[in-house]
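**Q** Pasting in a structure now, in structure tokens, and then I'll have a few things to ask.
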Amino acid sequence: MSKLGTLGARLHHGEIGYDFVKNRKIWYGISILITITAIVGLAVRGLHMGIEFQGGAVFTTPKNMSVSVATAEGFAEDASGHDAIVQKLGDGSLRIQVAGIDTKTSDTIKDRLAGDLKVDGEQINAELVGPSWGEQIANKAWQGLGIFLILVVIYLAIAFEWRMAVAAFVALIHDITITVGIYALVGFEVTPGTVIGLLTILGYSLYDTVVVFDSLKEQTKDITKQTRWTYSEIANRSINSTLVRSINTTVVALLPVAGLLFIGGGVLGAGMLNDISLSLFVGLAAGAYSSIFIATPLVADLKEREPAMKSLKKRVLAKRAHGGDTDADQAAPATDSDYDEPEDVAAAVVGPRNQPASRTRGRGRPSGKRR
């Protein structure tokens with residue numbers, strides 16, 4: 001078995017682990033700091049809406065242009081009087097976007113670009129984009145997001161409990177806020193591809209969270225019948241038992257997305273790949289973080305407020321104070337034998353006070369003189 005597999009097995013069986021829940025205030029503080037930074041970036045810089053949402057024109061030049069991106073951007077801004085975005089495509093052609101212009105202005109810009117770039121005007125392809133289509137996409141996306149969040153909260157409240165639904169909702173809002181804020185700070189365009197990426201990351205984030213919640217639900221059955229672990233400790237065990245699985249699924253998902261972002265978008269200059277891959281990359285990383293460091297510790301916080309959990313915690317701590325629990329017991333995984341044993345079973349095991357247990361020898365009859 002590989003070292004990672006051995007580590008995963010030891011984490012799953014509770015032989016080793018890291019106390020995520022105990023240090024939850026640190027994770028909360030980190031998340032609050034990142035979220036505030038994202039909100040400030042969003043408020044100061046704002047989102048750079050793509051041409052699909054503002055309307056405008058897209059000019060595509062012939063292949064193998066020798067003009068640099070910076071030079072072409074200067075030509076486009078001088079010709080239009082607006083900010084322009086220029087991208088060099090894989091075949092050597094240039095894609096020039098100018099937002100907020102109409103058809104008449106588009107023809108004028110096209111002619112000026114042809115002269116500046118020293119190409120025939122017929123070789124430049126001009127495509128007008130109206131803002132109404134992008135607005136419809138955005139409205140549908142917001143509606144879909146609202147319906148999705150409502151259904152998620154209802155499902156989790158039914159399948160698990162309302163505290164887990166609240167924690168999952170907070171984690172999803174956390175992931176969306178960070179992703180949108182980083183978009184504002186980086187300055188990437190918000191296009192329909194970005195919207196698709198944002199909606200996609202919600203499913204990944206929710207998947208990791210539900211995996212931990214399912215383990216937590218299984219391990220906390222009849223939790224009040226034992227006095228060895230508090231709810232927070234079992235929640236921490238649930239995180240550790242699924243930790244390697246969460247890391248593996250996240251890394252496997254991030255690798256191809258990183259290829260799209262850094263190779264497809266950065267090296268090849270594919271604009272649409274940038275729009276989708278950045279939202280996926282940031283969202284997947286934030287989703288994995290929130291499922292481990294935010295959602296489950298938040299559930300533990302909410303559950304520990306219940307009277308039954310408070311009473312359980314007092315009993316567990318009282319038992320440990322009297323030496324009724326050892327470190328080895330705390331590290332061992334929970335089994336059915338950890339819960340209270342019926343008195344009649346205990347009596348049957350003990351047997352008569354003066355008779356040694358070895359006298360039966362497992363033969364089904366008491367030993368004695370042979371007849």
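The values are calculated or read from the model by the stated rules, or taken from the named source; none is laboratory data. Note that this is a predicted model, so its numbers are computed, not measured. Heads up, the Cβs are rebuilt from the backbone with ideal geometry, glycines too, and the neighbour counts pull from every protein chain shown. Note: areas computed on protein heavy atoms with side chains; ligands, DNA, RNA excluded. Shrake-Rupley method; radii C 1.70, N 1.55, O 1.52, S 1.80 Å.
**Q** Quick check: at a probe of 1.4 Å, how many percent of the accessible area of region 111-157 sits on carbon and sulfur atoms?
**A** Carbon-and-sulfur percentage of accessible area, whole number: 58.
**Q** What does the charge count near residue 32 come to, summing +1 for each Lys or Arg and -1 for each Asp or Glu among other residues with Cβ under 13 Å from its Cβ?
**A** Neighbour charge sum, excluding residue 32 itself: +2.
**Q** For the full complex of protein chains and a 1.4 angstrom probe, list 294, 154, 30 by accessible area with the highest value first.
**A** On the way: 294 10, 154 90, 30 70 Å².
From most accessible down to least: 154, 30, 294.
**Q** Count charges around residue 191 for me, please; just the other residues with Cβ under 11 Å from its Cβ, Lys/Arg as +1, Asp/Glu as -1. Working shown, then result.
**A** Numbers: positive: none; negative: 52, 189, 275.
My count for the surroundings of residue 191 gives -3.
**Q** Still on this structure, please answer the following. Jot down the radius of gyration and Dmax of region 148-298, Cα atoms only, both in angstrom.
**A** For region 148-298, the Cα radius of gyration and maximum Cα-Cα distance read 17.2, 61 Å.
**Q** Let me ask something additional. Quick check: convex hull of the Cα atoms in region 26-178, volume per residue, rounded to a whole Å³?
**A** For region 26-178, the hull spanned by Cα atoms encloses 157 Å³ per residue.
**Q** Same structure again: Compare the peptides 194-207, 74-87 by average per-residue count of other Cβ atoms within 10 angstrom and give them in order, highest first.
**A** 194-207, 74-87
**Q** For residue 84, what is the net charge nearby, where nearby means another residue's Cβ is under 11 Å from its Cβ and Lys, Arg count +1, Asp, Glu -1?
**A** Working: positive: 95; negative: 73, 77, 78, 83.
Summing Lys/Arg as +1 and Asp/Glu as -1 gives -3.
**Q** Right, next: Which entries of 25/319; 63/140; 221/319; 25/313; 25/310 show an alpha-carbon separation above 31 angstrom in the structure shown?
**A** With Cα atoms farther than 31 Å apart: 63/140.
**Q** Now for a separate question. Report the Cα centroid-to-centroid distance between region 236-265 and region 157-220 in angstrom, as an integer.
**A** So the separation of the two Cα centres works out to 14 Å.
**Q** Right, next: Let me understand region 97-210 better: what is its radius of gyration from the alpha carbons, and its Dmax, in angstrom?
**A** For region 97-210, the Cα-based Rg and Dmax read 21.2, 67 Å.
**Q** While we're here: With N residues in region 43-93, what two-decimal value do you get for its Cα radius of gyration over 2.2 N^0.38 Å?
**A** It is 1.30.
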